[in-house]
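Contents: one structure, followed by commentary.
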Amino acid sequence: MAAATTSQAPTGQTAVPVFLPPCPPITGSSIEPEVKVLTAGFGDGYTQRAPDGIHNIRDQYALSWEYLDTDQARAIEEFLRARRGAESFLWTPPGEPAPRRWICGKWKRTRTHYLFSSISATFVEVFDL
């Protein structure tokens, strides 16, 4: 089973890989938003806050897949290795209507049985063009 497809791109542009795992991540995968805020403190104790940029909330997903057979685990791991932690890809989080751009610089494959593996990975949202 392939864990990736390639989206269509206008002429002269590189297509963005799409992550389509062979099975969904397990229930309980967590999302952790990172919020960046600029804060200015004044002498009388007053503070003023503003979002740090137009994309000041960046999501991070801690994902896990369990009971993967060899082909399923290989498909996920090969997709992540091919991106080398630097190339972004499209992925639609569970329950969301549209894909977003992510990178994955950290994952772990564990053999849980001689026939099965589990994979955990952290996806970090990016706002590349």
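The values are calculated or read from the model by the stated rules, or taken from the named source; none is laboratory data. What you see is a predicted model, and the numbers here were worked out from it, not measured in a lab. Cβ coordinates were reconstructed from backbone atoms using ideal geometry, including for glycine residues, and neighbour counts include every protein chain displayed.
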message = Residues that are assigned to a strand (DSSP E or B) and modelled with pLDDT under 95: does the stretch 8-29 have at least one?
response = no
task = Within the stretch 92-99, identify whether any single residue is in a strand (DSSP E or B) and free of Cβ contacts under 8 Å to residues at least 24 places away in the same chain, and answer yes or no.
result = no
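Any idea which residue in the stretch 100-126 is surrounded by the fewest Cβ atoms within 10 Å (Cβ to Cβ), counting only those that are assigned to a loop (DSSP other than H, G, I, E, B), more than 10 Å from the chain's Cα centre (by Cα) and not aromatic (Phe, Trp, Tyr)?
Here the residue is 113.
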query = Being touching a Phe, Trp or Tyr at 6+ places or on another chain (Cβ under 6 Å) and within 28 Å of residue 128 (Cβ to Cβ), is that true of even one residue in the stretch 36-54?
reply = no
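Just give me the residues in the stretch 50-74 being within 15 Å of the chain's Cα centre (by Cα) and touching a residue at least 60 places away in the same chain (Cβ under 8 Å), in sequence order.
58, 59, 60, 61, 62, 63
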inquiry  = Pull out all pairs, ordered by first then second residue, where Cβ-Cβ is under 7 Å, the residues are six or more apart or on different chains, the first lies in the stretch 75-88 and is in contact (Cβ under 8 Å) with a residue 40 or more places away in the chain and within 14 Å of residue 123 (Cβ to Cβ), and the second is among the small types (Gly, Ala, Ser) and not in a helix (DSSP H, G or I).
reply    = 76/3; 79/3; 79/4; 80/121
task = Please name all residue pairs, on different chains or six or more residues apart, with Cβ atoms under 9 Å, provided the first residue is in the stretch 113-129 and is farther than 17 Å from residue 91 by Cα and the second residue is aromatic (Phe, Trp, Tyr).
result = 113/67; 116/67; 117/65; 117/67; 118/65; 118/67
query = Quick one: is residue 58 surrounded by 13 or more Cβ atoms within 10 Å (Cβ to Cβ), farther than 16 Å from residue 31 by Cα and modelled with pLDDT of 95 or more?
reply = no
Those residues of the stretch 54-91 which are outside any strand (DSSP E or B), β-branched (Val, Ile, Thr) and in contact with a Pro (Cβ under 9 Å, 6 or more places away or on another chain), in sequence order = 76
message = For the stretch 30-43, which positions are free of Cβ contacts under 8 Å to residues at least 24 places away in the same chain and part of a strand (DSSP E or B)?
response = 35, 37, 38, 39, 40, 41
